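First comes the structure, then the notes that go with it.
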There are 4 protein chains.
Amino acid sequence: MIVVLKPAPTAEMIQRVVQRVEGLGLKAHVIVGTERTVVAAVGNERNGAQQELESCDEVEKVLPILAPYKIASRETRTEPTVVKTGPLTLGGGHIGVIAGPCSVEDEAQILLAAEQVKAAGATGLRGGAFKPRTSPYSFHGLKDKGLELLALAREKTGLAVVTEVMTPQHVELVAEYADVLQIGARNMQNYHLLWAVGEVRKPVLLKRGPSATIEEFLLAAEYILDQGNTQVILCERGIRTFESHTRFTLPLATVPYLKERTHLPVVVDPSHGTGIASLVPAMSAASVAAGCDGLIIEVHPDPSHAMSDGAQTLTPAAFEATMATCRLVANALGKTM
Amino acid sequence: MIVVLKPAPTAEMIQRVVQRVEGLGLKAHVIVGTERTVVAAVGNERNGAQQELESCDEVEKVLPILAPYKIASRETRTEPTVVKTGPLTLGGGHIGVIAGPCSVEDEAQILLAAEQVKAAGATGLRGGAFKPRTSPYSFHGLKDKGLELLALAREKTGLAVVTEVMTPQHVELVAEYADVLQIGARNMQNYHLLWAVGEVRKPVLLKRGPSATIEEFLLAAEYILDQGNTQVILCERGIRTFESHTRFTLPLATVPYLKERTHLPVVVDPSHGTGIASLVPAMSAASVAAGCDGLIIEVHPDPSHAMSDGAQTLTPAAFEATMATCRLVANALGKTM
Amino acid sequence: MIVVLKPAPTAEMIQRVVQRVEGLGLKAHVIVGTERTVVAAVGNERNGAQQELESCDEVEKVLPILAPYKIASRETRTEPTVVKTGPLTLGGGHIGVIAGPCSVEDEAQILLAAEQVKAAGATGLRGGAFKPRTSPYSFHGLKDKGLELLALAREKTGLAVVTEVMTPQHVELVAEYADVLQIGARNMQNYHLLWAVGEVRKPVLLKRGPSATIEEFLLAAEYILDQGNTQVILCERGIRTFESHTRFTLPLATVPYLKERTHLPVVVDPSHGTGIASLVPAMSAASVAAGCDGLIIEVHPDPSHAMSDGAQTLTPAAFEATMATCRLVANALGKTM
Amino acid sequence: MIVVLKPAPTAEMIQRVVQRVEGLGLKAHVIVGTERTVVAAVGNERNGAQQELESCDEVEKVLPILAPYKIASRETRTEPTVVKTGPLTLGGGHIGVIAGPCSVEDEAQILLAAEQVKAAGATGLRGGAFKPRTSPYSFHGLKDKGLELLALAREKTGLAVVTEVMTPQHVELVAEYADVLQIGARNMQNYHLLWAVGEVRKPVLLKRGPSATIEEFLLAAEYILDQGNTQVILCERGIRTFESHTRFTLPLATVPYLKERTHLPVVVDPSHGTGIASLVPAMSAASVAAGCDGLIIEVHPDPSHAMSDGAQTLTPAAFEATMATCRLVANALGKTM
């Protein structure tokens, strides 16, 4: 940590900062510059030391040197984490595709959707049983019944089931049915929920919150990893910016950036990332080219009659075409899909 | 709702859209323009009709006319909601001030803080017992013990206690001790938590999420109101933007904007809204001038030794001076504080 | 345009709005809903009518139906505009690559850079002679001398020269040397400059401003097109968001979105879009997969000694590898590069 | 500057970085930590050294210590700069108010507006003669004729005239008529324009670009100051964020933040900052309470017939009421207005 002092500090002020640094178990090096004096504080800076030093009267600002996450870091574990569950593999040169409707609506719909996405090459089935919705007046999912239908679809197709859990009390129930537990973007910093899924021994797909920095995203993953669950999948699904022509802004540079920083697999959700079905094929291909380990895409047998998210949902035919293009791009990069 | 069709629609296409509109229980008016044809859909548009129409092949975009929230709306209830609990009053021409440390640290600290903020004119005491923290390695609060200490501080000072509840399982416990339940910014769309506090009959201070639009913010309030809890306090605490010189960007125009749209009281948190103690006095006064019904400010007997948020926390002396200035501004506007 | 009236308008209020609409040369249709009354205003809405109606006392908001740009619109011209100058072709199934250093530094540097990027497959040479820099104390380019060196590099290699013009007085001079005039992101709404390049009959590469909406971007193009210059190239180079791990956020969904709205070719600048050299190869490939018509990439014989932008500049070897990957992706999509 | 090396550097790598630092005229201090090695580079870091060091292979990131601007800095000049021209005074405990229409439309309009705003207490008159407009099809101002009308209004009322200059060629002309030259938000980084107004010896009101950081804003001011013009007025007019209920987001914390960093006066534009006339009175008062040195407000004799910006323009009556409130707030803070 670099502690920048306010201009023209006296010797006593410097001494007080040195004492605070040492009191935090860090070693202090004073460097006197022409315009500023800084104190370099060497040692483990992850225990709130930055906040404490920032609140000292003598201090102008504190610049951290280390990333605040540790288990998620590539420096802790250099080989990539590959998540495998049933037919779904994410990472290690393989791009796994999770597809299906926004919400499970009824047996016919989810079974048909599962068959359609499987036929096109998906190995994971998405479908919401518990649905977080912006308005209290919207459809909130079939709940337990939805989970049963997802399990039925898995039985019929063999696809791995990926579904969202919204609150700690439901973790046990959802974990009974799901192969991968999804944490939605709105819950990325719902810490009791992160702790709860951290205790499960099934993969967790963690969606980035729409205003989360990369550090906050990896620290949310760290909450789960710190409970002993090593199978965390990071999902970029778009951030909130001033752009309003798309539902969110999909910042694909996070894909290679995350791959440099963490060993965890990175999945992209171009459906929520754009909110517009006609943009999903191009952004799926772009995600693959950017180096993602997987895709999660909304597909419905009849999007124009979907109970939620129809405008961003692919038809089975459009999904099939998207898969074909993505596979070509993946192969061009020496990956399988 | 205004349904804009894609360019040059055929009569059949228009007819299909009209049928979809009517199938949703809305009345359709077709308006043929020189470059575009639109269908005006008249009736209650709050049941997901927009999403359904957006996913039709014939449709380019759908423009909603009505606000998606109803109970929170000024059109539903014209007189302002005033929240009163113990000595704390928010709204109706009175500005209530909630102050205290970020976290409850120990008995001496919280009792001293409570006396200090009371002496300066606060009528509410803030203090975190359950603390959401970005890093799993940070201090997460004293939990149950923290609640007991807050109750003790109330007993000694009479201040109303405002404290955060992080997860549905804790709602009953926190409601036992708190006068106002706080929903943190990270949990603004934690719907199970909103439903749970909606069932309590105590005021709820709902913080705006850092990337929430005003509509999303009022819809989150609507989740609570819809459960029958009428005492929702809205709290603007800063949004995430490209600005990095402050922790968040405090967009004070939300204060008069919200007052036009909703009858609920609006409180501002200049501590989180700036993240820098030296900016808090000016932004407190600005919030009052902008028309807020209350302030929530972090104050600690010794900020430079606070266990969290020290850099944005006022000393008791700075808080007293801030209160004096704010009272002058409030009086200039014909309000009490 | 849809004019939404304030709640519960009287017949007189509706009448006043109808008169204003008709006074603007538009036809008015009144639609009375259960909660709101709207007036649909049919006709050409591009002459400021929206602003006028928004300022009427009776009006709550005005929703435009038409895009505000016309010449740039796909509805005006359905076949794509292909820009060709010398060996550089952008569009029509071909991806053109413009590469070279941030700044022209001296003869040896620009000639070497030109040969290196040509060898790897670029057909355009970028290089700044006039350099806009955030600080007045930074290097501002070799100016006239830089233009001469670019012309010399073209003579030696045949590459098309792309270089920035910063102010109207320089347009004639720069147009003498350049094959494509670049308008930098900071000048996207420098209208006198847009008018000036609109009068030139050479292609203009218009960079998107970091906070420009798509509408503002296309309206800036419209300024140039409206002067009779039909060869406008749109360049996505990243927007300003809360993300700070990259220099800007590169929102690649603008590529397919723009291709739906406009016939103009779309180029991506992954160098400025990320600001980090190690992310440029992946984002170049992603741009191609997203459907761009060209790339503009910073390459320097020795980035670690570049006079500007070294951190985001590729080495010749990295550029060659990037080109190889991009070509594979382009071919997978049925395009040439 | 703190140069953070990549993990586990060898002695040779450290040595190479030290040499680069020393080659830039800076003194190097190596600090070896448990997880990272950093090199503190002491000396003047404002000459592009950061960019050079960032592009070294051995380097992970470079953290600047000093602000990149110097003449604008409070550290260079501690007493505040007060701008005075005619009756208009900005700073030194006095809040100056500049008011008037968005555009000069005709003689009757500007003379009436000038009298109305003077009657309410404004000492500066705003009015656009050269108007930057997002669409090429909008009204672009009366140009030279507009300047003459502004001069006439000054003659009649004595108000100081504030008007925008859009391009270097017009600087001489505009400076002939105006008392304060305004640089619009779109031109904040139009460096040739900044250089040109830097050579004039009249005050310049510099508007913050909608996506400019505080550093970029102060560096734009530095361009003008560096040419010898000491009278730069900073104007906060709102930034672009995800918020769409207002035209821009007005981040008032920049006011006290700027006052800590620079000696230049700070003015707020609540008209553009909100885009909604009904929010302007509250945000004017909030700006005063936040500590601004001046306000610039759009006022028109009849906003609903204004040729531009009507929706954000106050009526003379609303302006008068706003002035009365602001004066009370200013007095509460011990300031005059």
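The numbers here are math on the coordinates, done by the rules we state, and not lab data. Remember, it's a predicted structure, so these values are computed and weren't measured experimentally. Counting neighbours? That spans all protein chains shown, and the Cβs are built from the backbone with ideal geometry, glycine included.
The figures follow:
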read-out: Protection-proxy order for peptides B:134-144, C:184-194, C:300-310, each taking the mean of Cβ atoms within 10 Å per residue, highest first; value: C:184-194, C:300-310, B:134-144
read-out: Proximal charge balance of D:A28 [Cβ under 10 Å; K/R count +1, D/E count -1]; value: +1
read-out: Projected-area average for the protein assembly as shown over all orientations - Cα convex hull basis, square nanometres; value: 44.1
read-out: Amide H contacts under 5 Å for A:L314, placed H, 5+ residues apart; value: A:E298, A:V299, A:H300
read-out: Antiparallel DSSP beta bridges within chain D, as percent of all bridges there, nearest 5; value: 40
read-out: Test item: B:275-284 mean partner chain Cβ contacts at 10 Å; value: 5
read-out: Region D:76-127, relative contact order in percent, only Cα pairs under 8 angstrom and at least six apart counted; value: 36
read-out: Nearest beta-carbon to the B/A symmetry axis - residue in chain B, distance in Å; value: B:S211, 2
read-out: For region A:228-337: relative contact order, % (alpha-carbon pairs under 8 angstrom, 6 or more apart); value: 23
read-out: A:E60 long-range amide H proximity, modeled H, under 5 Å; value: A:V4, A:L5, A:K6
read-out: Label-to-label distance, nm, for residues given as A:T10 and D:E60 (7 Å Cα→Cβ offset); value: 3.8
read-out: Peptide-level mean, for C:287-295, of C-beta atoms on other protein chains within 10 Å; value: 5
read-out: At 7 Å out from Cα toward Cβ: C:R77 inter-copy label distances (nm, ascending); value: 5.0, 5.4, 5.8
read-out: Cα-projected label distance for D:L173 with C:Q169, points at 7 Å along beta-carbon direction, nm; value: 1.5
read-out: Rounded Å value of the spacing that divides the Cα centres of region D:18-76 and region C:21-98; value: 49
read-out: Shape call, region C:83-332: gyration tensor on alpha carbons, a/c limit 1.5; value: rounded
read-out: Residue order, fewest to most surrounding Cβ atoms within 10 angstrom, among C:K70, D:K84; value: D:K84, C:K70
read-out: Mean ellipticity per residue at 222 nm, deg cm²/dmol - from DSSP H runs of n ≥ 4 across chain C, formula -39500 (n - 2.57); value: -10000 deg cm²/dmol
read-out: Fewest-first ranking of B:C326, A:C292, using other Cβ atoms within 10 Å as the exposure measure; value: B:C326, A:C292
read-out: DSSP-defined antiparallel bridges as percent of all bridges, the protein assembly as shown, nearest 5; value: 40
read-out: Degrees separating the helix C:11-23 axis from the principal Cα axis of chain C, which is the longest one; value: 50
read-out: Chain C: relative contact order as a whole-number percent, Cα under 8 Å and 6+ apart; value: 16
read-out: 10 Å beta-carbon shell around C:P80, net charge (K/R +1, D/E -1); value: +1
read-out: Summed side-chain charge close to A:L219 - residues other than A:L219 whose Cβ falls under 11 Å, Lys, Arg +1, Asp, Glu -1; value: -1
read-out: 0 to 90° range, to nearest 10: angle between helix B:107-120 axis and chain B longest Cα axis; value: 80
read-out: Cα centre as origin, Lys/Arg/Asp/Glu Cβ charges: region C:2-63 dipole, Debye; value: 140
read-out: Which of D:V30, C:V204 has the fewest Cβ neighbours within 10 Å, and the rest in rising order; value: D:V30, C:V204
read-out: Under 14 Å, Cα to Cα: Lys pairs in chain C, sequence gap 8 or more or different chains; value: 5
read-out: DSSP bridge pairs, region B:80-212: antiparallel proportion in percent, nearest 5; value: 25
read-out: Degrees separating the helix B:280-290 axis from the principal Cα axis of chain B, which is the longest one; value: 50
read-out: Inter-chain shielding of B:50-61 (mean C-beta neighbours from other protein chains, 10 Å cut-off); value: 5
